[in-house]
Amino acid sequence: MKNTRSALRYAVVESTYGARKRAPVSRAERLDALQRRIEETVLRKKGVLLIPAFAIERTQQLLFDLTQLFALRPELRAKVPVFFDAPMASKVNSIYVERIGTLELYNTKSQSPLKVKPLWLSRGLLADLGLDRDNPEHLELVRAMFKVALLGSEPDGALQRAHWLPLAGAWKPIWSRVEHRKQAIARGMLDGPCLVIASGGMCDGGTSTEYLKAILGRASSTILFPGYCSPSTNGGRLLKLETLPAVHRRLLTDTLRFSDGSEFLLSDINADVAAVAGYSGHADQGKLVDWCFETLGERHEVSADIFFLGHGSNEARQALTVALRGRARDWVESGFITSAPTIESPENQDSWYDLEQARWFSGPRAPLAANGDSVFAQVEQLRAENLRLRQLLEAR
């Protein structure tokens, strides 16, 4: 039995769902959930189904799933107009398509599978589509499907040649890009039934805010969240209404606050609010622990010597700490490892860790070194460079 310790000294681990254990949701279940919401809101109530989505990963998953759903049910194409309004996600889509076209799945020397498996070329996804990842033609086909779903481009040769796959013939672009949303909304874009995917997953910013203002008062509309929203955000406030009866909504005094200074009373919201499972980009407690303590056949490996827990509430970090220490204790007792890794977690939001002194501090960080060689000086330089690049991109 081979038991190893990673070469990594440190690993920073998120803990968003560090206190949760979730049942897995398959892609088939995700598609069913999307179909039910489309049927209920767009087809039955003739309303607007708004999906606020994060630009990275979430938008790509949604566009791919919706394209597959429309391929399975071609009649939806004529009944459900789909509008896509997410400028940053559009740029990310182009990067995804370009990268997935050149991504290697196997080590070029040993031909063994690479440890990090691309989500969009996984065996599970290809099996869902009736394809085999070990078949080069099938890989070319799924890359072509990905391009149609994310870029809205017409099917290319790979899809046109795949007569043996019924899904390929129905795999077509389903969405229209919104170029000038305010004008489009003013001209009646949201007057009829439709589905809108917009940026700003937590609804504090992004294009989703413009659509929210237009449809929150409509009982025929639904805001569907495909991921986590912090309780303090507009999305978090909306999700609290998901199971709240309409009569109780009228007693609420809180408001949604938008970046332009406008507000919308929660008591005036008539639209349905719902969440769809299976799109979260955050691992639950079990997956986080399994990542830190990885079992590969008979080999047991700890990912790092020291784990820093972040990106989660105090409750989530504490629960994950307990779970990690429990796994470490089990592995030591079983002889898989000789000593347990260190688990570090901040006590509060003002806490910071000094790697040189190996201890936590609270309050203001240490002053920047005059020679600019400190970690903090480098971070400040990176922030300044990031701001400069963002300004250049916005100027374009």
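The values are calculated or read from the model by the stated rules, or taken from the named source; none is laboratory data. Computed from a prediction, not measured in an experiment: that's the story for all the values here. Every residue, glycine among them, receives a Cβ derived from its backbone with ideal geometry; neighbour counts consider all protein chains shown.
Within region 315-361, the residues that satisfy the criterion of being among the hydroxyl-bearing types (Ser, Thr, Tyr) and crowded, with 17+ Cβ neighbours inside 10 Å are 321, 345.
Being among the small types (Gly, Ala, Ser), closer than 29 Å to residue 43 by Cα and modelled with pLDDT under 95: is that true of residue 157 here? Here the answer is no, as residue 157 does not meet what is asked.
Only one of the listed residues (209, 222, 243) is among the hydroxyl-bearing types (Ser, Thr, Tyr) and surrounded by fewer than 20 Cβ atoms within 10 Å (Cβ to Cβ). That residue is 243.
Note on region 272-307: among residues that are of a type in the set (Ser, Thr, Tyr) and over 17 Å from the mean Cα position of the chain (by Cα), the one that is nearest to residue 237 (Cα to Cα) is 303. Flag: residue 273 matches the condition of being within 23 Å of residue 212 (Cα to Cα) and at pLDDT 95 or above.
When the residues of region 125-162 are filtered to those that are out of contact with any helix residue (DSSP H, G or I) (no Cβ under 8 Å at 6 or more places or on another chain) and closer than 24 Å to residue 59 by Cα, the one that is surrounded by the fewest Cβ atoms within 10 Å (Cβ to Cβ) is 127. Looking for something at pLDDT below 90 and not in a loop (DSSP other than H, G, I, E, B) - is there at least one such residue anywhere in region 313-322? Yes, region 313-322 has at least one match. Where strands (runs of 3 or more DSSP E) fall entirely within region 225-309, those with at least 2 residues that are over 22 Å from residue 51 (Cα atoms) are at 293-296, 299-302.
Condition (residue is in contact (Cβ under 8 Å) with a residue 40 or more places away in the chain, surrounded by fewer than 14 Cβ atoms within 10 Å (Cβ to Cβ) and out of contact with any strand residue (DSSP E or B) (no Cβ under 7 Å at 6 or more places or on another chain)) applied to region 166-182: is it met by at least one residue? Within region 166-182, none of the residues are in contact (Cβ under 8 Å) with a residue 40 or more places away in the chain, surrounded by fewer than 14 Cβ atoms within 10 Å (Cβ to Cβ) and out of contact with any strand residue (DSSP E or B) (no Cβ under 7 Å at 6 or more places or on another chain).
Yes or no, residue by residue, for (1) β-branched (Val, Ile, Thr); (2) part of a strand (DSSP E or B); (3) closer than 19 Å to residue 94 by Cα:
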site	(1), (2), (3)
149	no, no, yes
155	no, no, yes
160	no, no, no
168	no, no, no
176	no, yes, yes
179	no, no, yes
182	no, no, no
191	no, no, no
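Across region 281-302, the qualifying residues are those that are touching a residue at least 40 places away in the same chain (Cβ under 8 Å) and acidic (Asp, Glu), and the one among them that is surrounded by the most Cβ atoms within 10 Å (Cβ to Cβ) is 284.
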